[in-house]
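Bear in mind that the values in this text are calculations on the coordinates, not laboratory data. Just so we're clear, the structure is a prediction, and the values are computed from it rather than from any experiment. Positions of Cβ are backbone-derived with ideal geometry, glycine not excepted, and every protein chain shown enters the neighbour counts.
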Amino acid sequence: MRRPKGSIAVLVVAVIVVFALNFPVYWMFVQSITAESMFTERPSLLPKDPSLNAFKRICEAKPIGQWFVNTLIVAVGTVALSMPLAAGAAFSLSRYKTTLNSVTGLAILGTQMLSASLLAIPIYVLFRRTGLHDKLGGLIVANTAFTLPMSIWVLKGFFDAIPKELDEAAMIDGCTVGQMIWQVIMPLVLPGMVAVSIFAFILAWDEFFFARTLVSSQGNWVLSVGLSSFREEFTINWSDMMAAAVLFTIPPIVLFMFIQKHLVSGLTGGAVKG
Amino acid sequence: MKRMMMATLLIALVMAPIGVASGANKQIQFPSWMWGEAGTGDWFKDGVALYESQNPGVKVVPALVPAGQYEEKLLIDMAGGGAPDLAPVFTNMMPKLMRMGLLEPLDDYLAKADWKSNLLPVQKVAQYNGKTYGVVLTASPNGLIYNKKLLDKAGVAVPTTPEEMLVAARKVKQATGAFGYGFATRTADVLEAYIPLMQWAIGFGGDFSKDGVPTANNPKTIEGLEFLKRFFDEGLTPKGLDGPMLRKMFVEEKIAMLIDGPWAITYVKEAAPDLYEYVGFAAPPTPTHAAITGGAFYTIPVRAKHKQEAFALLSVYNQPEWQSRWLEDLLQIPGQNAEISPKLAKEHPWIEGMVDVAAKYPAGFGYSAPGFEEYAGEVQRMVVDGIASVWGGRTTVEAAMNDVQQKMVKWAATLKR
Amino acid sequence: MSRMRTALPNTAVNRVSAALILPAAIVMGAVVIYPILTTIGLSLTDAPLISLSPPSFAGLSNYAEWLSNPDFWRSLWITLIYTFGVTIGSYAIGLFTALLLNLDFPGRAILRGLVLLPWAIPEVAAVMTWNWMLDYQFGIVNSLLGSQVGWVTDSAMALWTVTIVTIWKQFPLATVVLLAGLQAIPRELYEAANVDGASRLQQFVHVTLPGLKPVNSVLVMMLILYTFKRISIIYLLTGGGPAKATEILPVITYLEAFKYFRLGSASAVGILALGFTLVITLVYSRVFLREEA
């Protein structure tokens, strides 16, 4: 592919912008490795006598591995459950203008409007009755309910952009509705699918409210609850907390880079030709 | 094919009963913020082991809840039909929980307990309408905690009056660069920010209410807060910090004095063992020496399933040997008057001072304004909202407290009492 | 509209469309509808947080009390400033970064990943880091700027501070969605514009912006909805203070329910907030979502 002139200049600008926006992340990292007291009036920008002690400590003292596995199950589960549901609903909203759909479309947004503190007790009661309380599966269901509206509406935007003639042609060719969505339309909305699956993944990865109210057993802790445990009744383990936060930031970012590289570029190329 | 696999995986995930399963007949649900703490956690776990060995067929299920979420989690558990069997609660939660009828009266159980008469005076916080709803677990006074090394460097003695304390703080700053006195001025955590205000208001003979009548602009209350503000104005306290950060600074020897509970000393012992021998505990150097007392209570929710067993478990912890172990291991005051052994007094000389302060100057139970026990949270917030404008440099103590008084009076009139 | 002219007969259309949308609707409905109905019920009572007996009916008195309380209106105003500040800020930074990262340059995939860091970083720790960066005494911000500002302790600053921190945490969501939108714009359109001799700016106005339209309207809507009830950042950073300067409606709801134990009263605030969001949504969807909805 021909690179436009000035791509290096763009790179420089992009690097500056991205790094400036990430200063707090950098600072968090510094706090996890520096030996300098946090009570320094003019803290130095570079870490002093950096060491990985905090990382070692948390790996020994806290069940980081278990938090990681639990969080991964919840995040992957949320993506896996919400993507098919969102794609189906979005397609329906985009293509079929029935009364049911226009009502449902707005009602979906309505589910996002109640303060979390009021949801807590009813959802807790609901989950106890259905056996979802204190289960990772329960967190998957709860997170899915809260990622769906965004996912559905964003995907609907992508479906809207695809000419209807395409599905009609597919149907005339003898595809079923399922085949038509899966084989013809899906590849075209892949950028959208990637965007909303990242959205769902990150939301579930970092979710704190359900995680702390709907789970009791320590064996079911996810990272957000684990992180909050670094603040004890009278003390706080500052550098340990920062170290844990740094560790738990890596997976979603790696995942996104991977998807970017292997999926989007290849498939949008296809979409253009389609 | 892929979709089938995906769906199977999903169903497996959602349905997988990942949780604690046990074959024991009876499970005592016992959540606490202390299970994960060094010292306290072991003390509780060892008690559970003893209890389980004495009561085969009964299993205690400990659930660690991070301290910051404990109150919210317990309330949701109770509201949603998942009340635990034995629940420790922070002192400030007691008045509300009792009045709402959420706790089991323990008088019948206590009648048979020989240790009942030995409980600390703060036990009265657990009494309402002639009934007892909790058993004090620990209660320690907030006193002057000082770094002897820094005070010596500044050439000052341990202060016993507000003026002496101010002078000491100034000299520490001059001689060492450390802050003289650290107190919480970060108002995001209302209770943290309220405790020093209470300390100085009561310390000067005032308070934010008396018998259910607001007294936020009482001259003594204002005098106390104005004195506190002098440390703030002269840069003798770090601005905008909360308790955990102040304790961290104290451990790093960047603050010479705190008014805090013995847990701060326990923390020094753990985090900076070399500093430990230089740390002392004295009565707060305010005119009344009032020592705000904080702690926790054991309670049994009214909807608990295994009340007998829960009480039997808390009785284990109330046996004399467990009470002394709390004092000796944690260097904090347990729920009962415990004897200080000569050995303990020799190894940890400050403890006698603390026990003395606890006996002489206990005050501010439940962090509530007198007469507003049930509404402690609201009073705390009104007062802290007022002081936030002072710490933000927007108003004076007097103007802020006049404003708070006005709001409190208006608010108190709306209460259905 | 051509949309009505699908290859399926009408009853089949209904069945297919319903079959596709219902699973999602059921999950959301099951988790959220029951709580909303419960909350509406509670808002008409004097229920405490935890009641052992049924609460007594209080009619609309909770609503009347809040609507006549100046604190409520002040809080609504603060909520609106926060919501729109965060939405505009997140969108602006999101669009800027998305356009930048949609250009062709080496190392693009890595930067596209890195720009998501603020979003991916666990919120509890991110907010505590900000809190420390903004500390009056030891914060890196005051140190770098040579300033003495009480970012979270001064009531005149706090609302701006929490708005900026929320924008920082949330803008990558806009970046991701807008980037996807940009990628879905057919390249042919740009090529055609090039052939017509359109300038960069003209291409942006006539190709890029219209091409983003389907995601734009939805993105803005969702940013508004999420921010309007977003409590975590404010609660951790200022607790609604200092002196109520950042006391948004969700903070009032939380305090009423979990600190003051007045669930009936808290429910009324929650339902009022829901009502305002509903109005915003309906107006917004009339204006922006109509042709697509």
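Details
- Binned Cα-Cα distance frequencies in the protein assembly as shown - 20 Å width, integer %: 13, 43, 33, 10, 1
- Taking a straight Cα-Cα cut-off under 20 Å and skipping sequence neighbours fewer than 8 places away in the same chain, the aspartates and glutamates within cross-link reach of residue B:116 are B:104, B:107, B:108, B:309, B:321, B:339.
- Cross-link reach is defined here as a Cα-Cα straight distance under 19 Å, omitting same-chain residues fewer than 8 places apart; for residue C:213 the lysines meeting it are A:156, A:164.
- Scanning residues 5 or more positions from residue B:213 or on other chains, none has an amide H under 5 Å from its amide H, with H placed 1.01 Å from N in the peptide plane.
- Relative to the longest principal axis of the Cα atoms of chain B, helix B:219-233 runs at roughly 80 degrees.
- Taking Cα centre as origin and charging only the Cβ of basic (Lys, Arg, +1) and acidic (Asp, Glu, -1) residues, the dipole magnitude of the stretch C:82-247 rounds to 180 debye.
- DSSP H segments from chain C that extend 20 Å or more along their own axis, Cα-based, with Kyte-Doolittle mean of 1.6 or above: C:263-284
- Semi-axes of the equivalent ellipsoid for the stretch C:82-247, computed as √(5λ) from the eigenvalues of its C-alpha gyration tensor and ordered from largest down, come to 36, 17, 14 Å.
- C-alpha long axis of helix B:67-79 to longest principal axis of chain B, angle in °: 50
- Cα gyration tensor shape for chain A, rounded if a/c is under 1.5, else prolate or oblate: oblate
- Cross-link partners of residue A:135 among lysines (Cα-Cα below 17 Å; sequence separation of 8 or more within a chain): B:73
- For chain A, hydrophobic long helices are taken as DSSP H runs at least 30 Å long by C-alpha position along their axis with mean Kyte-Doolittle hydropathy of 0.5 or more; these are A:64-95, A:136-160, A:238-259.
- D (Stokes-Einstein, µm²/s), Kirkwood Cα radius, the stretch A:142-187, 1.002 mPa s at 20 °C: 182
- Size check on the stretch A:70-178: the Cα extents along the three principal axes, sorted descending, read 49, 28, 21 Å.
- By the Kirkwood approach, averaging reciprocal distances over each pair of separate Cα atoms, the stretch A:1-51 gets a hydrodynamic radius of 13.3 Å.
- Share of alpha-carbon pairs per 5 Å distance bin for chain C, given as whole %: 1, 5, 9, 11, 13, 14, 13, 11, 9, 7, 4, 2, 1, 0, 0, 0
- Highest-MSF residue in chain B out of B:366, B:335, B:240 [GNM, Cα springs under 10 Å]: B:240
- Nearest 10 degrees, 0 to 90: helix B:350-360 Cα axis against chain B principal axis: 90
- Under 5 Å between amide hydrogens, built in the peptide plane, is the criterion, and for residue C:150 it picks out nothing among residues at least 5 positions away or on other chains.
- Convex hull of Cα atoms in the stretch C:12-106, direction-averaged projection (nm²): 13.0
- Across peptide A:30-43, the mean count of Cβ atoms from other chains lying within 10 Å of each residue's own Cβ comes to 4.
- Comparing A:137, A:157, A:174 in a Gaussian network model of chain A where C-alpha atoms under 10 Å apart are linked, the largest mean-square fluctuation is found at A:174.
- Distant-in-sequence amide contacts of residue B:185, defined by a placed amide H-H separation under 5 Å and a gap of 5 or more residues or a different chain, comprise B:240, B:241.
- Chain B: relative contact order as a whole-number percent, Cα under 8 Å and 6+ apart: 23
- The convex hull built on the alpha-carbon positions of the stretch A:137-256 has an orientation-averaged projected area of 9.6 nm².
- Rg then Dmax, both in Å and based on the Cα atoms of chain B: 23.3, 81.
- Cross-link pairs B:153/B:239; B:173/B:229; A:62/B:254 - those with Cα-Cα distance over 22 Å: B:153/B:239; A:62/B:254
- Within a Gaussian network of chain B (alpha carbon springs, distance under 10 Å), most fluctuating of B:243, B:130, B:371: B:130
- In a reduced charge model with +1 at each Lys and Arg Cβ and -1 at each Asp and Glu Cβ, the protein assembly as shown shows a dipole moment near 2440 debye about its Cα centre.
- Selection among C:141, C:69, C:55 by position relative to the dipole of chain C gives C:55 as farthest towards the positive end (Cβ unit charges, Cα centre).
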